1. Which of the residues belonging to the stretch A:22-47 are in contact with an Asp or Glu (Cβ under 7 Å, 6 or more places away or on another chain) and surrounded by 21 or more Cβ atoms within 10 Å (Cβ to Cβ)?
2. Quick check on this structure: which one of A:67, A:53 is touching a residue at least 12 places away in the same chain (Cβ under 8 Å) and part of a helix (DSSP H, G or I)?
3. How do the pairs read when you match residues in the stretch A:771-792 that are over 15 Å from residue A:819 (Cα atoms) and aliphatic (A, V, I, L, M) with residues anywhere that are in a helix (DSSP H, G or I) and open to solvent by 10 Å² or more (accessible area, probe 1.4 Å), using Cβ under 7 Å and keeping only pairs 6 or more apart or on different chains?
4. Here are the criteria: (1) under 50 Å from the mean Cα position of the chain (by Cα); (2) open to solvent by less than 40 Å² (accessible area, probe 1.4 Å). Tell me which single one residue A:809 does not satisfy.
5. Could you grab me the full set of residues in the stretch A:273-319 that are within 16 Å of RNA strand B (Cβ to nearest atom) and in a helix (DSSP H, G or I)?
6. For residue A:184, indicate whether it is in a loop (DSSP other than H, G, I, E, B) and either within 10 Å of RNA strand B (Cβ to nearest atom) or under 25 Å from residue A:299 (Cβ atoms) (or both).
7. Looking at residue A:562 and the list (1) at positive phi; (2) of a type outside the set (Lys, Arg); (3) touching an Asp or Glu at 6+ places or on another chain (Cβ under 6 Å), which single condition is not satisfied?
8. Anything in the stretch A:834-854 that is within 12 Å of RNA strand B (Cβ to nearest atom) and either open to solvent by 70 Å² or more (accessible area, probe 1.4 Å) or over 49 Å from the mean Cα position of the chain (by Cα) (or both)? List them, or say none.
Amino acid sequence: MSDEQALSKAYEPSEVESKWYKIWEERGYFHANPESGKIPYTIVIPPPNVTGILTLGHVLNNTLQDILLRFERLRGREVCWVPGTDHAGIATQAKVEAALKKEHNLTRHDMTRDEFVAKVWEWKEKYGGVIIRQLRTIGSSCDWERERFTMDPGLSKAVQEVFIRLYEKGLIYKGKRMVNWCPKLRSAISDEEVIYTEEKGKLWHFRYPYADGSGYVVVATTRPETMMGDTAVAVNPSDERYTDKIGKTVILPIMNREIPIIADEYVEKEFGTGAVKITPAHDPNDYEIGLRHNLEFINLMNEDATMNENAGPFVGLDRNKCREAVVAKMEELGMMEKIEDYTHQVGYSERGKVPVEPRLSDQWFLKMETLAKPALQAVLEGRIQFHPDRWVKTYRHWMENIKDWCISRQLWWGHRIPAYYCDKCGEVVVARETPAKCPKCGHDHFTQDPDVLDTWFSSWLWPFSVFDWPKESIELKKFFPTQTLVTGPDIIFFWVARMIMSSMEFMGDIPFKDVYFTSIIRDDKGRKMSKSLNNSPDPLDVVKEYGADALRFTIIYIAPIGQDIRYSNEKCKIGRNFATKLWNVVRFRLSQGKAPLGWPTLDGIDPKAFRPDDQWIIYELNETIKEMTTGLENFRFDEICKGIYEFIWNKFCDWYLESCKPAFNGKAENGDTIIRIFDYCLGAFLRLLHPIMPFITDELAHQMGFVAEEDSIMKAEWPKPIDDATLASFGATAAHAELTEAKCELIRAVRAMRASYNIATNSPLDIYIAPTTEEAAEFLTRDSAALKSLLSAATLTVKENCKPEGPCGTAVSTIATAYIPLAGVIDLDAEVKRLEKQEAEITKYLESIRKKLSNQNFVARAPKEIVDAEKAKITEFEEKLARVREQMKAYK
RNA sequence: GCGCGCAUAGUUCAGUUGGUUAGAACGCUAUCUUCACACGGUAGAGGUCACUGGUUCGAAUCCAGUUGCGCGCACCA
């Protein structure tokens with residue numbers, strides 16, 4: 001930061017950004033003090049997988065959180081952003097297994113469980129949490145002293161405590177149930193981890209002969225490989241085709257086992273042949289029927305979905321190979337009726353990427369119904385608000401149809417289930433430590449349950465486990481409940497709903513007040529970002545090329561609420577160019593030297609010293625402050641980006657800064673005052689922009705001298721709007737702003753005329769302005785200095801009915817007619833054509849309004865102010881039209 | 001099957017309670033290297049707001065239906 005050296009023309013973000021992040025972190029600006037008297041504002045980060053690396057999705061998500069937090073920090077809240085990572089059971093275990101395979105050609109079964117878990121910890125310490133470091137490059141103001149990991153001792157303690165309490169309450173139970181089994185992971189998974197995809201398959205029709213030799217019944221199946229486990233054929237009790245068959249038996253081909261024909265309402269008469277083979281151990285619906293009819297459950301498969309000894313001739317075959325073999329065998333036996341093409345949904349394991357196998361196994365479950373009730377109420381009653389709120393419907397549907405949660409996983413990496421089995425009698429004891437003595441048989445040796453808990457069983461406690469629950473820490477007291485959760489709608493069931501349930505249960509309170517659901521980021525062709533398509537840019541490359549501020553600004557700017565985003569790196573030009581624009585505003589300003597220390601105010605400026613442009617920009621800035629504040633309070637992130645961009649670029653730079661140039665060139669009388677007002681605006685919008693673009697705003701605040709070297713914009717106060725009375729005393733009113741808009745219209749009309757005659761925008765001309773009203777005359781006269789500059793006028797005459805001698809160009813606008821003497825330049829025919837064009841436009845517009853007003857119903861029923869506004873337009877445009885026609889007449 | 005979105009300029013999108021001559025960015029055309037910025041300025045071209053009907057004095061906006069696309073949930077073997 002050298003004072004003397006001029007700033008380069010283009011902003012170079014990389015050095016600035018790394019410099020500031022380091023300073024902020026070293027000075028402890030991100031650290032939250034639980035003992036401060038300030039009102040807390042807390043966000044817990046959605047913990048990314050410890051194996052993860054930063055994606056654009058994270059950039060969006062974390063930038064949104066950072067914006068909220070930086071905004072609240074400036075507003076004086078005690079801001080606490082808890083970062084951390086998730087141990088991600090399956091993902092992490094798989095990663096380490098892959099590494100072991102690659103480096104040592106070992107599997108986890110080549111070592112003990114403890115050895116393997118030690119390897120995972122080793123991997124985690126060495127390679128884990130890359131994403132946490134990457135978050136710093138995009139400016140995330142996390143309280144790094146509070147970084148947590150879901151397997152930290154404290155959090156593990158919380159998990160154990162929760163399990164035990166729920167078990168003691170009778171909400172956790174163990175039982176043999178049909179679960180979604182992933183043969184790749186060799187573990188159960190929850191319903192939410194099954195992804196259904198449509199697939200083209202076959203529907204095989206098999207003949208099952210009646211035991212009495214009276215022909216056969218035809219059953220249809222999509223899963224021939226399970227037929228060896230059939231223990232019945234079911235028909236609908238009201239199906240007349242089969243009434244006399246119910247109670248008979250059929251011979252199961254291949255196995256030559258006799259199985260009954262039973263009646264069950266579940267069977268639909270219209271589908272297939274109306275007769276269904278029942279395999280209770282391999283299909284959820286068949287399982288239910290098996291229970292109802294007390295059928296035998298024959299498990300055909302091993303953990304890896306190869307066929308076991310119950311599969312007769314197919315022992316040892318993989319389930320896919322077995323399918324082919326069964327089909328071939330049935331053909332051979334003449335038992336194949338027909339084969340149809342059939343499209344159906346197949347459930348895949350989200351992590352294992354293979355079809356799930358419904359499987360009967362011993363698992364731990366959590367009863368959800370009682371937990372769901374208060375959690376649903378909290379959302380329906382609006383104590384927790386979803387943004388956009390349509391997600392309430394999805395949430396409600398899920399909560400009202402919630403099923404028990406299978407929480408056990410047959411993995412090695414994760415929280416062990418605190419259940420112990422007596423080695424002698426098998427008694428189950430759920431306890432905080434290994435029991436000393438069996439309560440039943442007195443035996444003193446126990447074995448802990450080998451299973452671990454679903455990863456989400458730790459993340460659902462995140463909002464309070466990070467504050468050391470079940471300890472009643474001062475942090476927990478201060479920072480819980482949190483304010484806002486920012487996350488993707490894809491984990492509304494996995495995570496959001498469950499956090500609400502656990503908080504209601506264990507904290508007796510909501511975990512957060514607002515949930516903001518982010519957009520999904522797609523590529524510019526609308527495809528999802530994916531590794532295989534290679535269409536997912538590395539955010540770090542983007543930061544390198546465009547800067548973190550530019551990426552942050554761009555991604556928020558293009559992200560509409562509740563809609564997907566189409567992203568391409570190209571778009572970061574929006575943010576980069578905007579940063580350069582800001583940079584150059586300061587370069588321009590610094591031509592006058594640094595500002596005095598402190599955030600500029602308007603205190604002590606004589607309101608009489610305000611030029612019309614000053615009054616206007618003060619008014620517009622005030623509006624922007626209000627919009628930014630309410631926009632942030634209401635999660636309208638794209639709007640606030642557009643708003644501040646519009647203010648800075650199209651209002652401040654395009655008009656206000658231009659109006660200041662005479663003052664900056666020493667050609668204005670009250671130059672110092674103008675610079676103070678300029679600084680007031682600059683100081684305000686740097687702070688308004690700080691939550692979105694933290695780096696460049698701190699850099700520029702220092703360049704300007706608003707803050708001392710050892711200080712930061714992070715410690716500043718969010719700008720407050722000026723009250724209406726004070727504003728009015730400054731002459732900064734809405735009416736004044738309207739007049740200024742009209743002035744801009746006049747200037748544009750003159751520029752357009754220059755353009756049509758190919759006169760350079762800066763070539764000095766003698767310009768005559770004839771205002772149409774006294775008010776306009778007063779205003780334009782008062783503003784003549786700025787006007788002269790904005791119009792590049794050699795001389796400027798502002799006077800009612802003034803007009804130069806000789807041929808001239810005419811620019812008609814609402815508040816004035818401007819004339820430029822154009823002897824020798826003007827082409828009368830062209831001038832008439834220009835005017836004719838304008839005449840046509842005005843005439844067309846007038847016609848449309850007249851039509852509206854001639855509608856009696858409109859005049860009678862529309863609100864008076866609407867009708868009056870239309871009438872006023874008629875007067876305004878008729879007057880304008882008259883001036884255009886008068887001018888035309890002069891040339892014809 | 002049930003539910004939820006989306007369809008506006010060549011492209012990507014705004015348009016918050018129905019009333020502005022429907023906006024922005026990128027791209028395009030013309031012009032300017034003028035001492036903040038060519039990552040820029042100035043001027044401009046470009047839209048039957050998917051379709052059909054309804055409500056209304058008035059519809060891009062509200063309602064119903066149609067078409068097309070996307071997503072979620074549940075499923076018939």
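The values are calculated or read from the model by the stated rules, or taken from the named source; none is laboratory data. Remember, predicted model here, so these are calculated numbers, not experimental data. A quick note on method: Cβ atoms are made from the backbone with ideal geometry, for glycine too, and the neighbour counts reach across all protein chains shown. Just the protein is used for accessible areas: all its heavy atoms, side chains included, with ligands, DNA and RNA removed. Shrake-Rupley method; radii C 1.70, N 1.55, O 1.52, S 1.80 Å.
1. A:30, A:32, A:40, A:41, A:47
2. From the options A:67, A:53, the qualifying one is A:67.
3. Between residues of the stretch A:771-792 that are over 15 Å from residue A:819 (Cα atoms) and aliphatic (A, V, I, L, M) and residues that are in a helix (DSSP H, G or I) and open to solvent by 10 Å² or more (accessible area, probe 1.4 Å), the close pairs are A:785/A:662; A:790/A:658.
4. Going through (1) under 50 Å from the mean Cα position of the chain (by Cα); (2) open to solvent by less than 40 Å² (accessible area, probe 1.4 Å) one by one, residue A:809 breaks only (1).
5. A:284, A:285, A:286, A:287, A:288, A:289, A:290, A:291, A:292, A:319
6. Yes, satisfied.
7. Against the list (1) at positive phi; (2) of a type outside the set (Lys, Arg); (3) touching an Asp or Glu at 6+ places or on another chain (Cβ under 6 Å), residue A:562 comes up short only on (3).
8. Scanning the stretch A:834-854 gives A:834, A:837, A:841, A:844, A:845, A:847, A:851, A:852, A:854.
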